[in-house]
Amino acid sequence: MARRYSVQRQRGFTLIALFCFVLLYLPMVTLVAYAFNAGISTSNWEGVSLRWFHAAAANERIIDATLRSLTIAPIAGLIATVAATMAALATTRTAPYPGLTFKYAFINQPLMVPEIVTAVALLVVFSQVKVWTGYSGLGYLIAAHTAFCIPFAYLPIKARLETMDLTLERAAADLYARPWMVFRRVTLPLLWPGILAGFMLAFVVSLDDVVITEFVKSAGQETLPTYMLGQLRRQATPEMNAISTVFLGLSIAVVTLFFFLSRRKD
């Protein structure tokens with residue numbers, strides 16, 4: 001009897017997989033290690049110290065940029081997730097019709113268009129709006145982040161809807177439940193893991209965006225990624241490693257939290 005094909009049985013698969021993991025994670029390990037370097041160099045090890053974490057915590061510009069990032073990302077992620085949920089419901093809970101594929105492509109277009117093109121387009125539009133209204137607050141950054149985060153939230157929500165069994169929704173409708181009641185009592189609880197995944201993706205993408213933020217932000221609106229980019233252009237110190245380590249820890253915490261929440265829902 002012929003054995004089923006498996007890529008794991010191919011010669012050299014384990015070696016190649018390990019090599020890929022080393023290439024992926026070795027830079028992160030190095031970055032985290034030098035965040036605890038006692039010296040100012042990012043290449044010469046001079047002992048273990050927490051001085052760069054203390055320096056980052058005492059830096060008012062870093063605190064200001066961090067608070068701004070943690071203000072923009074949740075708001076943009078929440079709005080993007082709500083919009084993506086409505087779009088996913090509209091494109092999955094309907095019979096196929098001409099133009100549906102175009103709507104898929106339209107929603108996911110920000111994923112296919114180079115980010116620099118989106119940044120320039122938003123800069124042109126928001127510059128004109130600023131002239132008309134005189135407003136130059138964080139609303140532009142929130143709007144920009146929301147716009148390019150929608151497809152990231154849309155994909156896991158749509159995938160979850162497509163794999164859901166429609167039996168319970170149909171049964172609720174047969175029992176004379178109104179559409180809103182069916183959505184609130186049946187669809188939403190089943191869809192919740194997809195919504196959490198969509199929000200997590202939107203939050204993380206918004207939190208670490210540089211290109212669009214760099215084009216859209218006004219003076220004095222540095223986010224943490226744009227602040228780090230500016231500092232790296234001047235002088236690279238382990239302080240940037242310390243900030244990146246905190247960012248990495250935050251990302252791991254978000255993923256871990258989502259994992260446990262999704263397991264609980266399942």
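The values are calculated or read from the model by the stated rules, or taken from the named source; none is laboratory data. These numbers come from a predicted model, not from an experiment. We place every Cβ from the backbone using ideal geometry, glycine too, and count neighbours over all the protein chains shown.
List of remarks:
- Selection count, the stretch 199-212, where residues are crowded, with 19+ Cβ neighbours inside 10 Å and not in a helix (DSSP H, G or I): 1
- When the stretch 142-172 is filtered for residues that are closer than 22 Å to Ala87 by Cβ, of a type in the set (A, V, I, L, M) and either part of a helix (DSSP H, G or I) or without any contact (Cβ under 8 Å) to a residue 12 or more places away in the chain (or both), the ones remaining, listed by number, are Ile142, Ala143, Ala144, Ala147, Ile150, Ala153, Leu155, Ile157, Ala159, Leu161, Leu166.
- Scanning the stretch 39-87 for residues that are among the aromatic types (Phe, Trp, Tyr) and surrounded by 16 or more Cβ atoms within 10 Å (Cβ to Cβ), we see that the one that is modelled with the lowest pLDDT is Trp52.
- Test: residue in the stretch 91-104 that is at pLDDT 85 or above and under 30 Å from Thr237 (Cβ atoms): no
- Scanning the stretch 226-251 for residues that are assigned to a helix (DSSP H, G or I) and hydrophobic (A, V, I, L, M, F, W, C) turns up Met228, Leu229, Leu232, Met240, Ala242, Ile243, Val246, Phe247, Leu248, Leu250.
- If you go through the stretch 132-181 and keep only what is aromatic (Phe, Trp, Tyr) and modelled with pLDDT of 85 or more, you end up with Trp132, Tyr135, Tyr140, Phe148, Phe152, Tyr154.
- All positions within the stretch 160-183 that are under 30 Å from Val205 (Cα atoms) and either among the aromatic types (Phe, Trp, Tyr) or surrounded by 15 or more Cβ atoms within 10 Å (Cβ to Cβ) (or both): Arg160, Leu161, Met164, Phe183
- All positions within the stretch 173-198 that are of a type in the set (Ser, Thr, Tyr) and outside any loop (DSSP other than H, G, I, E, B): Thr187
- Filtered residues of the stretch 226-243 (kept if surrounded by fewer than 20 Cβ atoms within 10 Å (Cβ to Cβ) and either in contact with a helix residue (DSSP H, G or I) (Cβ under 8 Å, 6 or more places away or on another chain) or not basic (Lys, Arg) (or both)): Thr226, Leu229, Gly230, Gln231, Leu232, Gln235, Ala236, Thr237
- Among the residues of the stretch 130-141, those identified as surrounded by 15 or more Cβ atoms within 10 Å (Cβ to Cβ) and in a helix (DSSP H, G or I) are Tyr140, Leu141.
- Some residue of the stretch 229-250 being under 24 Å from Tyr140 (Cβ atoms), aliphatic (A, V, I, L, M) and touching a residue at least 12 places away in the same chain (Cβ under 8 Å): yes
- Under the condition of being surrounded by 11 or more Cβ atoms within 10 Å (Cβ to Cβ), modelled with pLDDT of 85 or more and either of a type in the set (Phe, Trp, Tyr) or in contact with a strand residue (DSSP E or B) (Cβ under 6 Å, 6 or more places away or on another chain) (or both), the residues counted in the stretch 6-38 number 3.
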